[in-house]
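The next block holds one structure in the form of structure tokens; read it before the comments.
Laboratory data are not the source of any read-out in this text; all were calculated from the coordinates shown. Here the structure is a predicted model, which means the values were calculated and not measured. Cβ coordinates were reconstructed from backbone atoms using ideal geometry, including for glycine residues, and neighbour counts include every protein chain displayed.
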Amino acid sequence: MMRQYISAGIGNVYKSEALFLEGLDPWRSCGDCELEVLAALIQRTRGLMRRNLRGAPRRTRFASDGPRFWVYGRGGQGCLRCGDPIRTRRQGDDGRSTWFCPTCQPGEAAPRPTPQRPLGDPPL
């Protein structure tokens, strides 16, 4: 998601948030994903970015209660879906920070939950 020659402008915020909302493991290779999964991820990211064009403080969670982000910048705090602690880890050659919920975004060895569409989620 961070390769600018493929899709520019995503950055750490939208990367972490879109992967969380789609229930995807941040360390899963794009080459191992089905095209439908990648298309949904790009659609989700595009929707989030479009909702932030107005110049107001950036957000990916649109409910009026609680934080503006689902996982970004919330390391150690409880996941807004499952309550387990959000984690952060460096990723890639540039050591970019990635925030994620290991319960809602399990690795390949764990069963993958069906992504839920939270209230206030941007339309695809």
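Figures for the structure shown
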{"item": "Positive-end residue, the range 1-95 charge dipole about Cα centroid, Cβ charges, pick of G11, L21, P67", "result": "P67"}
{"item": "Whole-angstrom Cα spans of the range 21-71 along principal axes, big to small", "result": "35, 20, 14"}
{"item": "Simple label model, 7 Å out from Cα along Cβ direction - R54 to T103, nm", "result": "3.2"}
{"item": "Neighbourhood net charge (11 Å Cβ-Cβ; Lys/Arg +1, Asp/Glu -1) for F69", "result": "+4"}
{"item": "Rounded, prolate or oblate (a/c below 1.5 giving rounded, otherwise prolate when a/b exceeds b/c) for the range 4-95 by Cα gyration tensor", "result": "oblate"}
